Amino acid sequence: MKKVLTITTALTLLASAAHADLTVMSWGGAYGEAQTNAFVKPFMEKTGVKTVMVDSDNPATPIKAMVESGNVTVDVASVEYADAIRLCDEGILEPIDPASLPAGSDGTAAKDDFLKGAVTECGVSTDIWANVFAYDTTKFKGDNAPKTVADFFDLKKFPGKRGLKKGAKAVLELALMADGVPAKDVYTTLSTPEGVDRAFKKLDTIKKDVVWWEAGAQAPQLLADGEVSMTTAYNGRIFAAAINEGKPFAIVWDGQIYENEMFVIPKGAPNMKEAKDFVAFATSTDGLRASAQQISYGPARKSAMLKPLIFKDGKTEMGPHLPTSPDNMKNALETSSTFWVDHDAELNERFQAWLSQ
Amino acid sequence: MAEPLAAAGNAGAAPAPELLTTADGRPLRAALAKAQTRARRRAFLLVVPLLVFVLLTFLVPIGYMLQRSFQHDGFSSAAPALDAWFAANPKFDPANPPEEAYAALVDDLKRMQGDRTTGIAGTRINYTVPGTVSLFKSGARDAETLTPPFKQGLVATNPRWAEPKIWLAMAAASHNTTPEFYYVAADYKLTDNGWERGAPNERIYLYLFAKTFLVSGIITFICLILAFPVAHLLATLPMSRASLLMILVLLPFWTSLLVRTSAWIALLQEQGVVNNMLVKIGLVADGNRLAMMYNMTGTIVAMTHVLLPFMILPLYSVMRTIPVSYTRAARSLGATSWTTFRRVYLPQTLPGIAAGSLLVFILAVGYYITPALVGGADGQLISNLISFHMAKSNWSLAAALAGMLLVAILVLYWIYDKLIGIDRLKLG
């Protein structure tokens, strides 16, 4: 009996040692697929390290649970910017030395090549994505199409239901911008009780015509089903539906709210060295370009934008579809992670109370 | 009459144990007891795997989560100097803390900067005073350069450091054990004057608790009304046809919850199958389609469908054991069909009704996915907010909310036991 135990223990240990697969956790769907094609497969080919991609609704949640329980099975995770900051503050993440990141393809050092804020203490940006709103082009055509963020709230000129993400983040900002607050003043306004009231007052004007969505895939679905005539959405989801599936969707970039998506490494990751190699590989100029050719989220390195990016279908030019394109940045707001780390719970409580009124 | 009999019984039984022995001469009683102990031990060994499993995967995690609802050492472990000061001055004036308090705070801020615990400590205070994570972060950065008097210096960097509620929050957080998460879960807010009931447009949790219980009650009732005839039919049909019907009940039960919920979305949404049909046959104008999805109606319809088998199965198992002869006897004695049902049949199905209702109600109270997908603005239940706080890493508040839910269910269970009796429960 004792012998059997010893042998099985040894075998288990051996198996776990041999099972040194690098595990990357991302969001699944079109986004997870893009990251698999752009980062995971090429990394495996180049280094021979077996790498697997696993999905999660929001990788920040399982990672925290793993580190707190001391059983970390994920090496690299894709998390929202605010979560990369918050988890880093809480000591959940491994710091990443910016000097370890490769220089740009044009030789610019990494710290100058990355856009401002794209490299934080514990995270490196993989792409820049945006909350935008999109409409059905069969319902609004030509001059009658919505053009500004205020149009989203104009039920007279643009009839039909509106899809909105069920949560305070990005919705309150949208309401303020539609109410005429310039992008640069949005967070100072939202820091005051009057500003919060103003945002909710603006939302009141369309409240009865809103269909609320929660999962990213729901937004294009609502639009495709004809349930709504306009909806806020993650820009990549609308792009995928329009280009891959030929849906009649168009994006309005005015008032877009963008942020970096970050690769982070949880403390105690089983394959720390490979994880760091993977992050450096994925966030190199070529890595970011490969990702931007899979899905319409912008690269966070200047050097990645030097040559035009072509979508994987071989003909669609990515430039106009990226949040980082200059045309799309005319009236754009960067999500303030500091603001949301401070006020997420508070404003969400207020938001839920407002919803149920 | 009774006494002599009892005496006779005693007289006959008393000497017996001394007489009876086993083949090897041991007293029979001892031998029997030993054999029984051995059998019991063996039976216990058989149960051990399940016991360990339940303990490890159920009781320990629940206990651990509940512990989090009143314990949090994020601030106290990061700020030893303030802990000591608060312990020595329990009755300080939060509106005007003295210089030593600020000196301790600056000392701790420096330590936090070195230990990288600013975020943890700030997050803990942020749970009761929103907007303080950034306050602690910038405070910790500035602390290095500060010189006495610290009070003036720190307040100059950010006037919020003089706010009484921040001092109240730090004093409370310097204890590991705190009831604060339960205050928040009961819609109280920390103000400069201590804990006060939140403004009406900020109260949410108690309202959602009430709504969750109301909706669960409605769903349980609808399930009962729908399940009763089906279960009766199942129990009275001949076996061959009953099993066919049973498959129809079980098939949705085996189908993924997500698939069933999405199917309801496809059916009931404004451009969905039902509305399209109503428009086509002219019952509803095209511009006036019924809103049956993304609201309370959608939540109740989808959840009733998902939970219906949990009502049908216990009802069926009870109804199958009720002999037909009882109702026949009642009818032959002159009872009307309604009286027969009310006085004879219904009372016998009570254990099934009770079991099904309890099961459906408890499952409905904790339901999360369906209200999240089809709930819309007014279909939110308390579980959706618990999940929000889990995702946003305020596990303590999530645990406090879950703890309150657990207590409420236990109270209901207790009432149920008093009214109907838990021994009459029949699950299948």
| task | Note the direction-averaged projected area, equal to a quarter of the hull surface, for the Cα convex hull of the range A:15-98, in nm². | result | 6.5 nm²
| query | Does chain B come out rounded, prolate or oblate by the C-alpha gyration tensor, with a ≥ b ≥ c the root eigenvalues, rounded set by a/c under 1.5 and, if not, prolate when a/b is larger than b/c and oblate if not? | reply | oblate
| said: Taking only the Cα atoms of the range B:63-102, how large is their convex hull per residue, in Å³? | reply: 93 Å³
| field | Residue-count net charge about residue B:74 - beta-carbon cut-off 10 Å; Lys, Arg +1, Asp, Glu -1 | value | -1
| field | Directionally averaged shadow of the range A:201-323, computed from the convex hull of its alpha-carbon atoms, nm² | value | 10.5 nm²
| note | In whole Hz, the Karplus estimates of ³J(HN,Hα) for the range B:75-91 (6.51, -1.76, 1.60; θ = phi - 60°; x where Gly or Pro) are 8, 4, 6, 8, 10, x, 5, 5, 3, 5, 5, 5, 5, 7, 10, x, 10
| field | Rule-of-thumb Rg ratio for the range B:22-68 [Cα; 2.2 N^0.38 Å; N residues] | value | 1.98
| message | Which three numbers, in whole Å and largest first, are the semi-axes of the equivalent ellipsoid of the range B:273-341 derived from its Cα gyration tensor as √(5λ)? | response | 43, 19, 9
| Looking only at other chains, what is the average number of their beta-carbon atoms within 10 angstrom of each beta-carbon in A:335-346? | 5
| Considering amide H positions built from the backbone, and no H for Pro or chain starts, which residues 5 or more places from residue B:392, or on another chain, come under 5 Å of its amide H? | none
| Using θ = phi - 60° and the Karplus curve 6.51 cos²θ - 1.76 cosθ + 1.60, what whole-Hz ³J(HN,Hα) does each residue of the range B:241-254 get, with Gly and Pro shown as x? | 6, 4, 5, 5, 5, 4, 4, 4, 6, 7, 4, x, 4, 8
| message | Let me confirm one metric for peptide B:198-205, namely the mean number of other chain beta-carbon atoms within 10 Å of its residues' beta-carbons. | response | 5
| Between B:38, B:343, B:160, which gets the highest mean-square fluctuation from a Gaussian network model of chain B, Cα cutoff 10 Å? | B:38
| Looking at chain A from every direction and averaging, what is the projected area of its Cα convex hull in nm²? | 20.7 nm²
| Rounded Å value of the spacing that divides the Cα centres of the range A:289-337 and the range A:154-179 | 25 Å
| task | Indicate the gyration tensor shape class of the range B:205-424 (rounded, prolate or oblate), computed on the Cα atoms with a ≥ b ≥ c the square roots of the eigenvalues: a/c under 1.5 is rounded; otherwise a/b larger than b/c is prolate and the rest oblate. | result | oblate
| Each label point is 7 Å from the Cα along the Cα-to-Cβ direction; what then is the distance between the points at residue B:88 and residue A:310, in nm? | 7.4 nm
| query | Ratio of Rg to Rh for the range B:239-303, alpha carbon only, Kirkwood? | reply | 1.13
| task | Choose one answer from A:121, A:194, A:173: the residue with the largest mean-square fluctuation in a GNM of chain A with alpha-carbon springs under 10 Å. | result | A:194
| What order do you get for A:122, B:223 when you list them from fewest to most C-beta neighbours inside 10 Å? | A:122, B:223
| message | Run lengths n ≥ 4 of DSSP H only: what is the helix-derived mean residue ellipticity at 222 nm for the protein assembly as shown, with -39500 (n - 2.57) per run over all residues, to the nearest 500? | response | -16500 deg cm²/dmol
| message | How are the alpha carbon pair distances in the range B:279-318 distributed across 5 Å bins from zero to the largest one, expressed in percent? | response | 6, 19, 15, 13, 15, 12, 8, 7, 4, 1
| remark: Counting sequence-distant residues (5 or more places) and residues on other chains, those with an amide H built under 5 Å from that of residue B:189 are B:196, B:197, B:198
| request: State the volume of the convex hull built on the alpha-carbon positions of the range B:80-202, expressed per residue in Å³ and rounded to an integer. | output: 101 Å³
| field | Interchain or long-range residues, amide H under 5 Å from residue A:310's placed H | value | A:318
| remark: residue B:24 and residue B:326 label points (each 7 Å along its Cα→Cβ direction) are spaced in nm at 5.2 nm
| query | Of A:345, A:233, A:241, which is the most mobile in a GNM of chain A whose springs link Cα atoms less than 10 angstrom apart? | reply | A:345
| What's the Cα-based Rg to Rh of the range A:157-260, Rh via Kirkwood? | 0.98
| query | Across peptide A:203-210, how many C-beta atoms of other chains are within 10 Å of each residue C-beta, on average? | reply | 1
| So for A:206, B:166, fewest C-beta neighbours within 10 Å to most, what's the order? | A:206, B:166
| field | Dimensionless Rg over Rh [the range A:131-177; C-alpha; Kirkwood] | value | 0.96
| query | What span do the alpha-carbon atoms of the protein assembly as shown cover on each of the three principal axes, reported in whole Å from largest to smallest? | reply | 108, 76, 63
| message | Taking 8 Å as the Cα distance limit and 6 or more residues as the minimum spacing, I'd like the relative contact order of the range B:80-202 as a percentage. | response | 26 percent
| Positive minus negative residues near residue B:84 (Lys, Arg vs Asp, Glu; Cβ under 13 Å) | -3
| Do you know the Lys pair count in the range A:201-357 for C-alpha distances under 29 Å, with sequence separation 8 or more or different chains? | 21
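Coordinate-derived values only; no laboratory data. Please read these numbers as outputs of a predicted model, since none were measured by experiment. Neighbour counts are summed over all protein chains in view; Cβ atoms, including those assigned to glycine, are modelled from backbone coordinates with ideal geometry.
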